[in-house]
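Asker: Please see the structure below; I have some questions.
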Amino acid sequence: MSDRARKRPFRWHIVVFLAPAVLIYTAIMIIPLFGTLNLSLFTRAEDGTRVFVGLANFQTLFGDPRWSDSFWNATWNNLWFFIIHMLVQNPIGIALAAILSTPKLRFAAFYRTAIFIPAILSFVIVGFVWKLILSPLWGVAPTFMDALGLGDWFAPWLGLEESALTTLALISVWQFVGIPMMLIYAALLSIPDEVLEAAEMDGITGASQFWKIKLPLILPTIGIISILTFVGNFNAFDLIYVTQGALAGPNFTTDILGSFLFRTFFGFQLQLGDPHMGATVATVMFAIILVGVSIYLFGVQTRLRRYQF
Amino acid sequence: MAARKFTIAASAFLLSSTALMAQDVTLTIESWRNDDISIWRNQIIPAFEAAHPGIKLDFQPTAPAQYNSALNSKLDAGTAGDIITCRAFDASLALFQKGQLADLTDLEGMANYSDVAKSAWSTDDGSKQFCVPMASVIHGFIYNADAFAELGLEEPTTVDEFFAVLDAIAAEGSYIPMAMGVNDQWEAATMGYANIGPNYWMGEQGRNALIAGEAKLTDAEFVAPFEQLARWSDYLGRGFESQSYPDSQNLFTLGRAAIYPSGSWEIAGFRAQADFEMGAFPPPVQNAGDTCYISDHTDMGMGLNAASPNAEAGRVFLNWLGSSEFANLFANAVPGFFPLSNAEVSLEDPLAQEFISWRGECESSIRPFHQILSRGTPNLSNESWGTSANVIRGSQTPAEAAEQMQSGLASWYAPQQ
């Protein structure tokens, strides 16, 4: 037996089968990532040459009040953007999935498709459609609210500092609510009937069946959705750029890390882009997301109880 | 023998193919004027190609707000076109200093331009030119002349008259007094602050004092335009906070707004859209009889990508820009972009004539922050977008806005420290 194990040849096929994925992933993910980290350690000198400056760019980002104010503003806005998604998108997604999975519901397939369709639309379409809907001049929102006698409640939400970010977050929720719904719907369908029948035998039905049996069983899926939302929100950029432009108006109240990175890296109008500061911002974004994902992986996921059926 | 025949045939083929290649020089033009795409394709390019067989032009515009960043990335990557449309002053100067724009000092066509026109695309000491001046734009207020006649209003000349006109339109109620929004921010700065400001800081005098460090943005003459802007918000339409630039243009051309603070670059678009008579008046002065100052901004030039393989053809094209043929073609195809060459130009559009007539009545100045003052971070020009929009929206007082801009400028500009 041991003799045979020693003689076993090197298993080349593993290397061969892994190679395409490893090579592609290295070329398009790992090398650019380290390239960005590397770029953030340099700066451009007066004569256009690259100079190594160590962590000076990070010092500027956190130490210089102009940079750090913009950075923290973008970070808090991003956090608020994420909180709205967690408080609105995911509970609504779970509720929709729970409703869709009740066997008595008619036209379930239609609702499922209708709710999921915005998620496959382009950000550009969603941004422009909502900008038009909410336009105080041509939008349907003011006319519609007038018809309901709520005309006085209408405000140009996208243009007001207090409401612009929340409005954008809700637009994003509208667009993506289909994704948690689909994932949780799939998780709910995978709960075996025996478990539910056993619950019914014990007299647990209706809402209490959802809270006591189904919800604990779909918790791992909710965890995955939270982390997807987190990563998606902290990388978000498109919606802000389409509706508010790179200056993330009004008065930077809708500036999130993605739009801050864009302005820094590529510049805007007369402001020239600075790839080195841009890479610095990108590195910090990477760190924020890494910390968030790590907290989830080591703090939450390991504690989730899994049930084998 | 056969081998010799082959060599002859081959060299003949090579010769003919080089001749073909020489015929096929295509110059790609980078520009932010996507509004002008049909004018270039239908009028300017055919005129040039007819006179210059062997050179083809390809006009490739980018959206205005993305132009500079896109252009810089393309130049860095070596994928930019041969001909570069130049923003005035520092943005292009930076490209020249990086060696990305060719030196055009010895271009023969440069003789056709005045020093003032060339100043926007010269090094600080004026010794080198890197772009051919092409057009300037004049700021002012365009108004719906039919609406003015209907309400019995006259063009205002002083600030008090201006607000009296706005009050009269508001009181009558069938028109929005002024079409402007602050969603895109730049209108507030460009069509607001830079439009009305020169009357307060006396044009070039105030602008140069700022550059020299003799005046501060917190001085009365630079705060006063903000104070006027703050009063504008009462006369803008409902929901102006989220009204964008195209919204404002549509509001005016649909005849729903009476006055549109803007500039001569709108003329071509408005002619196509609006079916009412339009007039224009320069920014109102503080007291009757004051000298008026207008923002007559050198806006657009054209330069040569230093890395272009078609430099020779590019120079031919740039020389042609200085000809009176081009000046007349351009001025009438794009009324409101006034050519900067010394060539005699006859303008046909009455609104464009009105704008250009102010050059005789008022003192010209360029936009306040374009030269030198927007070289650092934070960028003063971009800052002014935010502060002007904030003042109109009422989330910043004029004094706070001036204070923010001054401290931003002083953080990197030595003469202001």
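The values are calculated or read from the model by the stated rules, or taken from the named source; none is laboratory data. All of these numbers come straight from a predicted model, not from anything done at the bench. No Cβ is skipped: glycine too gets one built from the backbone with ideal geometry, and neighbour counts run over all protein chains shown.
Asker: Here is a list: B:Ala230, B:Ala209, B:Ala215, B:Ala272. Which entry is among the aliphatic types (A, V, I, L, M), free of Cβ contacts under 8 Å to residues at least 12 places away in the same chain and closer than 30 Å to B:Tyr413 by Cα?
Answerer: None of the other options fit; the residue is B:Ala209.
Asker: Run down A:Ser122, A:Ser135, A:Ser172 and say which single residue is of a type in the set (Gly, Ala, Ser) and within 14 Å of chain B (Cβ to nearest Cβ).
Answerer: After ruling out the rest, the residue left standing is A:Ser135.
Asker: Next question, about the same structure. Could you give me the residue pairs with C-beta distances under 6 Å whose first residue belongs to segment B:180-192 and is surrounded by fewer than 24 Cβ atoms within 10 Å (Cβ to Cβ), whose second residue is small (Gly, Ala, Ser) wherever it lies, and which are 6+ apart or on separate chains?
Answerer: B:Asp184/B:Ser244; B:Met191/B:Ser262
Asker: Quick one: B:Val182 ticks every box in (1) in a helix (DSSP H, G or I); (2) in contact with a Pro (Cβ under 8 Å, 6 or more places away or on another chain) except a single one, so which number is it?
Answerer: In the conditions (1) in a helix (DSSP H, G or I); (2) in contact with a Pro (Cβ under 8 Å, 6 or more places away or on another chain), B:Val182 misses (1) alone.
Asker: For B:Ser242, state whether it is within 14 Å of chain A (Cβ to nearest Cβ) and crowded, with 24+ Cβ neighbours inside 10 Å.
Answerer: The answer is yes for B:Ser242.
Asker: Among (1) assigned by TED's automatic domain parsing to the domain that holds B:Asp58; (2) crowded, with 23+ Cβ neighbours inside 10 Å, there is one condition B:Ile142 misses while meeting the rest; what is its number?
Answerer: Checking B:Ile142 against (1) assigned by TED's automatic domain parsing to the domain that holds B:Asp58; (2) crowded, with 23+ Cβ neighbours inside 10 Å, the one that fails is (1).
Asker: Also: Here is a list of conditions, (1) of a type in the set (Gly, Ala, Ser); (2) at the interface with chain A (Cβ under 9 Å from one of its Cβ atoms); (3) touching a residue at least 40 places away in the same chain (Cβ under 8 Å), and B:Ser395 meets all of them except one; can you say which number that is?
Answerer: (3)
Asker: A further question on this structure: Run down B:Leu340, B:Leu373, B:Leu329, B:Leu318 and say which single residue is closer than 30 Å to B:Gly408 by Cα and in contact (Cβ under 8 Å) with a residue 24 or more places away in the chain.
Answerer: Testing whether each residue is closer than 30 Å to B:Gly408 by Cα and in contact (Cβ under 8 Å) with a residue 24 or more places away in the chain leaves just B:Leu373.
Asker: Moving on. Hey, can you tell me all the residues within segment B:252-273 that are at pLDDT below 90 and closer than 22 Å to B:Ala170 by Cα?
Answerer: B:Ser262, the sole residue that qualifies.
Asker: Out of segment B:23-44, which residues are closer than 15 Å to B:Asn310 by Cα and buried (at least 16 other Cβ atoms within 10 Å of the Cβ)?
Answerer: Residues satisfying the conditions are B:Val25, B:Leu27, B:Thr28, B:Ile29, B:Glu30.
Asker: Could you please let me know if B:Pro368 is over 24 Å from B:Glu187 (Cβ atoms) and buried (at least 21 other Cβ atoms within 10 Å of the Cβ)? Full working, then the answer.
Answerer: Details: over 24 Å from B:Glu187 (Cβ atoms): no; buried (at least 21 other Cβ atoms within 10 Å of the Cβ): yes.
For B:Pro368, the condition - over 24 Å from B:Glu187 (Cβ atoms) and buried (at least 21 other Cβ atoms within 10 Å of the Cβ) - is not met.
Asker: With the structure loaded, tell me whether B:Leu75 is touching a strand residue (DSSP E or B) at 6+ places or on another chain (Cβ under 9 Å) and part of a loop (DSSP other than H, G, I, E, B) or whether it fails that test.
Answerer: no
Asker: Taking the criterion of being part of a helix (DSSP H, G or I), without any contact (Cβ under 8 Å) to a residue 40 or more places away in the chain, in the same structural domain as B:Pro198 (by TED's automatic domain parsing) and over 25 Å from B:Asp167 (Cβ atoms), would at least one residue in segment B:235-251 satisfy it?
Answerer: Checked against the condition, which is being part of a helix (DSSP H, G or I), without any contact (Cβ under 8 Å) to a residue 40 or more places away in the chain, in the same structural domain as B:Pro198 (by TED's automatic domain parsing) and over 25 Å from B:Asp167 (Cβ atoms), segment B:235-251 yields at least one hit.
Asker: Further question: So how many residues does segment A:41-88 have that are of a type in the set (Ser, Thr, Tyr), farther than 17 Å from B:Thr377 by Cβ and surrounded by 14 or more Cβ atoms within 10 Å (Cβ to Cβ)?
Answerer: So the answer is 1.
Asker: Right, next: Looking only at segment B:97-110, which residues are buried (at least 19 other Cβ atoms within 10 Å of the Cβ) and within 19 Å of B:Thr79 (Cβ to Cβ)?
Answerer: Passing the criteria: B:Gln100, B:Leu101, B:Ala102.
Asker: Helices (runs of 4 or more DSSP H) wholly in segment A:37-139 with at least 1 residues that are among the hydrophobic types (A, V, I, L, M, F, W, C) and more than 30 Å from A:Ile224 (Cβ to Cβ) - which ones? Reasoning before the result, please.
Answerer: On the way: elements: A:56-63, A:65-84, A:90-100, A:108-120, A:123-133.
Helices (runs of 4 or more DSSP H) meeting the threshold: A:56-63, A:65-84, A:123-133.
Asker: Here's another thing I want to ask about it. Can you pull out the residues in segment B:45-70 that are more than 10 Å from chain A (Cβ to nearest Cβ) and either buried (at least 17 other Cβ atoms within 10 Å of the Cβ) or part of a helix (DSSP H, G or I) (or both)?
Answerer: Scanning segment B:45-70 gives B:Ile45, B:Pro46, B:Ala47, B:Phe48, B:Glu49, B:Ala50, B:Ala51, B:Ile55, B:Leu57, B:Phe59, B:Pro61, B:Thr62.
Asker: Also: If the requirement is being in contact with a Gly (Cβ under 8 Å, 6 or more places away or on another chain) and within 13 Å of A:Thr75 (Cα to Cα), which of these qualifies: A:Ala282, A:Ala236? Working first, answer last.
Answerer: Details: A:Ala282 fails: in contact with a Gly (Cβ under 8 Å, 6 or more places away or on another chain).
From the options A:Ala282, A:Ala236, the qualifying one is A:Ala236.
Asker: Within segment B:373-410, take every residue that is surrounded by fewer than 24 Cβ atoms within 10 Å (Cβ to Cβ) and of a type in the set (Val, Ile, Thr) and give me the one that is farthest from B:Ala230 (Cα to Cα).
Answerer: My answer is B:Thr377.
Asker: Among the residues of segment B:365-387, which ones are of a type in the set (Ser, Thr, Tyr) and within 11 Å of chain A (Cβ to nearest Cβ)?
Answerer: Here is the first cut: in segment B:365-387, the ones of a type in the set (Ser, Thr, Tyr) are B:365, B:374, B:377, B:381, B:384, B:387.
Across segment B:365-387, the qualifying residues are B:Ser374, B:Thr377, B:Ser381, B:Ser384, B:Thr387.
Asker: Next question, about the same structure. What helices (runs of 4 or more DSSP H), lying completely within segment A:234-309, carry at least 2 residues that are surrounded by 20 or more Cβ atoms within 10 Å (Cβ to Cβ), in contact with a Leu (Cβ under 9 Å, 6 or more places away or on another chain) and away from every other protein chain (no Cβ under 14 Å)?
Answerer: A:275-294
Asker: Has segment B:102-112 got at least one residue that is closer than 28 Å to B:Arg33 by Cβ, assigned to a loop (DSSP other than H, G, I, E, B) and without any contact (Cβ under 8 Å) to a residue 24 or more places away in the chain?
Answerer: Checked against the condition, which is being closer than 28 Å to B:Arg33 by Cβ, assigned to a loop (DSSP other than H, G, I, E, B) and without any contact (Cβ under 8 Å) to a residue 24 or more places away in the chain, segment B:102-112 yields at least one hit.
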